[in-house]
Structure formats: C-alpha cells, structure tokens
1. Test of understanding: extend the Cα→C-beta vector of residue 10 to 7 Å, then name every residue of region 148-162 with backbone N under 12 Å from that spot.
2. In a GNM of the chain with a 10 Å cut-off on Cα contacts, which of 22, 239, 304 has the highest mean-square fluctuation?
3. Roughly speaking, what is the stretch gain from residue 272 to residue 18, that is 0.36 nm per residue apart minus the C-alpha to C-alpha distance, in nm to one decimal?
4. What distance in nm separates the simple spin-label points at residue 233 and residue 155, each placed 7 Å from Cα in the Cβ direction?
5. Percentage of Cα-Cα pair distances in region 120-237 greater than 22 Å, rounded to whole percent?
6. What translational diffusion coefficient, in µm²/s and rounded to a whole number, does the Stokes-Einstein relation yield for the chain at 25 °C and a viscosity of 0.890 mPa s, taking the hydrodynamic radius as the Kirkwood radius over Cα pairs?
7. Relative contact order of region 2-145, please, whole-number percent, based on alpha carbon pairs below 8 angstrom and at least 6 residues apart.
8. How long is the gain from residue 240 to residue 43 if the chain were fully straight, where each residue apart is worth 0.36 nm and the alpha carbon distance is subtracted?
Ligand SMILES: [Mg+2]
C-alpha cells in the first residue's frame, strides 16, 4: 500500500519553492528564503521522519526497549547519511501505553540518548502522550549539507558501490544498526557522489529504486557482492543461499552510491574504515542485469521487504 499511496500523495503535495526535494527520496531538502539568490554555496536543511509501532515494526515483549530506542534513531540517521548530510538535531514523539508509561519512556530514551551521543545529535524537542494502545516512536531528524545526494543523480557509466556487508541482519545486526554517517562525511570530502540510497528494504530493491528515480539501470558483477557472515549463517537453516540473503534481506542500513568512473580508483585506494565494494556500473537501459559471460548480461529482478507485505518480489 505504501508505495502507491506515496505516489498519490506526491501528486497532492505540489512543491512550493522552499522545498527543493519533497516526497520520494531518503529525506526532504528545504531551502531558506532568499538562498537561491545568493551565489555563495548555501547549507541546505535535510529532514526525515520515521514512525515505528509495537507489534508492527518491533515486538516489545522480545526486544529491549533500549535497543528499540537506539534503532528508531539509527534508521533516521541512515536516511540522513544517504543524503550525504550531517545530522544535527532530533524531535522525538512517543505515544506510550498508559500502564507503565514513565518506565517505558525511560527505557526507550536510554537508547535514544545513546544514539544521540554517539552521532552527536541534539534532542531538540518532541512530545509525550499516553493512551490505551501500543508503544509508538516517531522521530524526525534534521541535518545539513551543501549538496545533497539524491536518488535521481545516477549517470550512465557511473561506478556503483555498496558499503559494509549485506544480508542476515535479522540474526541480530538489525537490533543495533550502524548508520553510515561518518563514512558519508568522509566520502563527501574526497569524491563527488552522483546518487545514493540506504539499504532499508533489501539491496536489490533499494538499488532498483535509486536507479528508477534516475531513469537508469545497472550491470552487476554479482560475485563481487559483499556477503555478511550472518548471511552465510542464516543460509544454513533458511534454505536460501548467502547471495539470496545479501540480495534481498532488509535492514542492512548500508549505503549504495555511484560516482563517475574516473573517481572509482580514489574510492578503491582509500581506507574508509569500513569496506566499500564496487559491484557494477550504471547503464542506460533500465532494470538490473547480472554478468553471465564477458559481454553477456541477464535480467535479474529486485526482491526485498515491501511494507505491508513480507518478502515479495517487486514488480517493475
Ligand atoms: Mg532510505
């Protein structure tokens, strides 16, 4: 439901000049009045929000509330990183079950404050309310950048990269995601990223979303895909291959991005502190294609987590 409703909403929320990028990217980009008239490079505000609900996005009976609070921050920080922005401050809104409201708020905030300190984000405000319903955590994070990385910027011939290792996050990594905030800042210093997205719903699905926004496709060297140790472990009992896990598992919170081919060597010769792996290149024909021989490619289809459904193939 979410994707089609978002398409509808995009049509209904006509852009006003202060919103440079609205619904449809990892975060919105908001400009200051008069900034377009200046010839100096301006800092632009980047904003994203996410709501997670007990029983839908997490289960409070099986998970620590501190972990859930941390994750609520981390998923937003991952979107800020995917815009190439530096996070600044957060607004936190909790709807708390009336029974034990104070205790629950305290535990959730332990994780929120831990993430805030780790990524140097100020908690600037928010709201607390109690009701006869499950815990809901809604966080908005604001950040800054001079030049946001948009999904729409991929160019034909660009080299495609992914950070970290993919798949199997459900075995535990998803509880404490490591948003690539620091890495995004380092990349910004050294290269000109054309387009980026974070992996929230699955590598192939999010890659396909970025390329679709750019009206491009990709030729992939699937044997280069960085597969996590957890994906190998998961494959032993899931009946799926490690590659299938890396291809489609959600909640990796890694970054997919592309740069001009002449900048690929800079990325490959730099120690970024986390692995950054070249996985293919952007091509003019749409869709995802895997190399099967020297100059032969076969169509492959994105797969991942689609909200409101579970683990289905995306159709496009
Ligand atoms: Mg995202």
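Just so you know, all these numbers are worked out from the coordinates, no wet-lab data involved. Not measured: the values here are computed from a predicted model. Glycine gets a Cβ as well: all are built from the backbone with ideal geometry, and neighbour counts include every protein chain shown.
1. 151-152
2. Highest fluctuation among the options: 239.
3. 88.0 nm
4. For residue 233 paired with residue 155, the spin-label model returns 4.3 nm.
5. I get 51 percent for the Cα pairs in region 120-237 exceeding 22 Å.
6. It diffuses with D of about 121 µm²/s by this estimate.
7. 30 percent
8. Working: separation 197, 0.36 × 197 = 70.92 nm, distance 4.53 nm.
Once the chain is fully extended between residue 240 and residue 43, it gains 66.4 nm.
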